[in-house]
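Novice: Pasting a structure below so you can have a look.
The values are calculated or read from the model by the stated rules, or taken from the named source; none is laboratory data. Treat the numbers as computed from the prediction; the structure is a model and nothing was measured. Note: ideal-geometry Cβ built from the backbone for every residue, glycine included; neighbour counts use all protein chains shown.
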Amino acid sequence: MTSTGNPIQKRILTRNHDRAGFDCGNDALNRFLRQQARQANDRHLTRTTVLIEPAQPTRILAFYSTAPCEISVHEADALPGLAGYPHPVPFLRMTRLATDLRCRGQGFGELALVSAIKDAARIHREATALYGLLVDAKDDSAAAFYRHFGLQLIDDSALALYLPIRDCLAL
C-alpha cells in the first residue's frame, strides 16, 4: 500500500498506537477506537486493523474492524443464486471504518476498504469459505462511498451492502 509515494502499512491495533490522537469526527467511532477496539481484539470479538506510515508508526491514519458473521436464510434469499438456500451464509463483516480528519481526501479510506477486501479474500483462500465482504454503512453518505467501490445492496435496506467473494478474489 502506498499513498503519495510513502509506504503505508497495515497493523493489528496494539497498545502502542496513539488511539487518543485519532479523530475521525464521529464520537462513536472515536470512542470505539479509544476504549473498546483493543479489548475486542484481545477477546477475539473483532479484529481492528490500523493503517500507519513507518516514519510515524504510532499515528493511526485510518482503521477498520472486521468479524466473521452469517446472514440468515431469509436474508440470503435476496442474494443472487441463493434463493431457497437452506443454511446461513458466511461473510466477513466490516463493522467499522474511519479515517483521521487530518488525512481526509488522501485515499486512506479507500486503502482501508481495499485492505478489508483483501482480508476477506485471504480468509476465503486459506481458512474458510466466505460468500463475500458484508458492510453495514452508518449512513447514506457511507453507503454511497461503498457503492462507488462496487459493493451491492443486499435488499431494500440502503445501508446493508456486500461484495461477492469472486470480486474480492479478483482484486
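Novice: Could you check, for region 94-108, whether at least one of its residues is of a type in the set (S, T, N, Q) and more than 28 Å from Arg31 (Cα to Cα)? Step through it out loud before you land on a result.
Specialist: Of region 94-108, the ones of a type in the set (S, T, N, Q) are 95, 99, 106.
Restricting the remaining residues to those that are more than 28 Å from Arg31 (Cα to Cα) gives none.
Looking through region 94-108, none of the residues is of a type in the set (S, T, N, Q) and more than 28 Å from Arg31 (Cα to Cα).
Novice: Follow-up question, since we're still on this one. State all residues of region 34-59 that are closer than 19 Å to Ala116 by Cα, touching a residue at least 24 places away in the same chain (Cβ under 8 Å) and not in a helix (DSSP H, G or I); if no residue qualifies, say none.
Specialist: Matches in region 34-59: Thr46, Arg47, Thr48, Thr49, Val50, Leu51, Ile52, Glu53.
Novice: Test Ala37 against the stated conditions and say whether it is at pLDDT 95 or above, farther than 22 Å from Thr128 by Cα, surrounded by fewer than 12 Cβ atoms within 10 Å (Cβ to Cβ) and not basic (Lys, Arg).
Specialist: Numbers: at pLDDT 95 or above: yes; farther than 22 Å from Thr128 by Cα: yes; surrounded by fewer than 12 Cβ atoms within 10 Å (Cβ to Cβ): no; not basic (Lys, Arg): yes.
In short, no.
Novice: What pairs come up if the first residue lies in region 142-170 and is over 20 Å from Asp119 (Cα atoms), the second is in a strand (DSSP E or B) and of a type in the set (Gly, Ala, Ser), and their beta carbons are under 6 Å apart, counting only those six or more places apart or on different chains?
Specialist: Hits for this filter: Ile154/Ala160.
Novice: Of these, Ala160, Ala142, Ala127, which one is closer than 14 Å to Glu110 by Cβ and among the small types (Gly, Ala, Ser)?
Specialist: Numbers: Ala160 fails: closer than 14 Å to Glu110 by Cβ; Ala127 fails: closer than 14 Å to Glu110 by Cβ.
It is Ala142.
Novice: Kindly indicate whether any position in region 49-64 is under 18 Å from the mean Cα position of the chain (by Cα), at pLDDT 95 or above, under 20 Å from Gln152 (Cα atoms) and surrounded by 14 or more Cβ atoms within 10 Å (Cβ to Cβ).
Specialist: Keep residues of region 49-64 that are under 18 Å from the mean Cα position of the chain (by Cα), which gives 49-52, 60-64.
This time we only want the ones that are at pLDDT 95 or above, so: 49-52, 60-64.
Filter once more, keeping what is under 20 Å from Gln152 (Cα atoms): 64.
Right, trim to surrounded by 14 or more Cβ atoms within 10 Å (Cβ to Cβ) and you get 64.
The answer is yes; a qualifying residue exists.
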